[in-house]
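**Q** Have a look at this one.
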Amino acid sequence: MADAMTPQELANAATQAMWTRDNATHALGMTLVSVAPGHAVMRMTVRSDMVNGHHICHGGLIFTLADSAFAYACNSYNLNTVASACSIDFLAPAREGDVLEAIAVERSTSGRTGVYDIEVKVLGANTVALFRGKSYRIKGEVIAGLEGHN
């Protein structure tokens, strides 16, 4: 079955399976804009309940958006993959009403590990954060019975 799937079709199928189980991402109102092998784009509107005491978006929520985009990018091969390390640099504030876009790009994969860079921007404007995630492939598949492609 998987042999007949293109890498893009496999990414779409794995993403759909993850999306249906991703309660945290749904609760924060994130949307998945696109996915491709090793790549994902997600958006989130900064709501009033997402701002901190400085009336800017809480950094943990910006981190969560970047981490979610990272998850979809590194699981796009239908191989269960988790974060082994992540770091973020905050460059500018995001404010209530801003639409944030996280663009995840695979930089390197070797064996069970990978490196991904995620840029978080205010849609159509400035970059607010740069996130780097290191992934580790664990046992299993996102959709059991389909083989992943590298």
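**Q** So what's the gap between the Cα centers of the range 90-123 and the range 1-63, to the nearest angstrom?
**A** 11
**Q** In what sequence, highest mean first, do 68-76, 26-34 appear when ranked by Cβ atoms within 10 angstrom?
**A** Those peptides, ordered most packed to least, come out 68-76, 26-34.
**Q** Which log10 I(q)/I(0) values does the chain give at q = 0.11, 0.12, 0.15 Å⁻¹ under the Debye formula, counting every alpha carbon as one identical point scatterer?
**A** Relative scattering, expressed as log10 I(q)/I(0), comes to -0.40, -0.47, -0.72.
**Q** Right, another one. Any idea how far apart residue 48 and residue 127 come out in nm if each label point goes 7 Å out from Cα toward Cβ?
**A** 3.3
**Q** Same structure again: For the Cα atoms of the chain, what angle does the longest principal axis make with the long axis of helix 7-21, in degrees from 0 to 90, nearest 10?
**A** The helix 7-21 is inclined about 60 degrees to the chain.
**Q** Going by alpha carbons, how many degrees (0 to 90, nearest 10) lie between the helix axis of 59-74 and the longest principal axis of the chain?
**A** Relative to the chain, helix 59-74 is tipped by roughly 20 degrees.
**Q** Taking R0 as 41 Å, what FRET efficiency do you get between residue 55 and residue 34 from their Cβ-Cβ distance, rounded to the nearest 0.05?
**A** Taking R0 as 41 Å, the efficiency between residue 55 and residue 34 is 0.85.
**Q** Now, a different point. For 134, 121, 139, which order do you get if you count the other beta carbons within 10 Å of each Cβ and list the fewest first? Numbers along the way, then the final one.
**A** On the way: 134 16, 121 19, 139 6.
In order of increasing Cβ crowding within 10 Å: 139, 134, 121.
**Q** Using helices alone, I'd like the mean residue ellipticity at 222 nm for the chain: each DSSP H run of four-plus residues gives -39500 (n - 2.57), total over residue count, nearest 500.
**A** The helix-only estimate for the chain comes to -7500 deg cm²/dmol at 222 nm.
**Q** So how far apart, in nm, are the two label points at residue 82 and residue 143 if each is 7 Å from Cα heading toward Cβ?
**A** According to this spin-label approximation, the distance is 2.4 nm.
Read-outs throughout are calculated quantities, based only on the coordinates presented, and are distinct from any laboratory measurement. The structure presented is a predicted model; accordingly, all values stated were derived computationally and were not measured. Neighbour counts run over all protein chains shown; Cβ positions are idealised from the backbone, glycine included.
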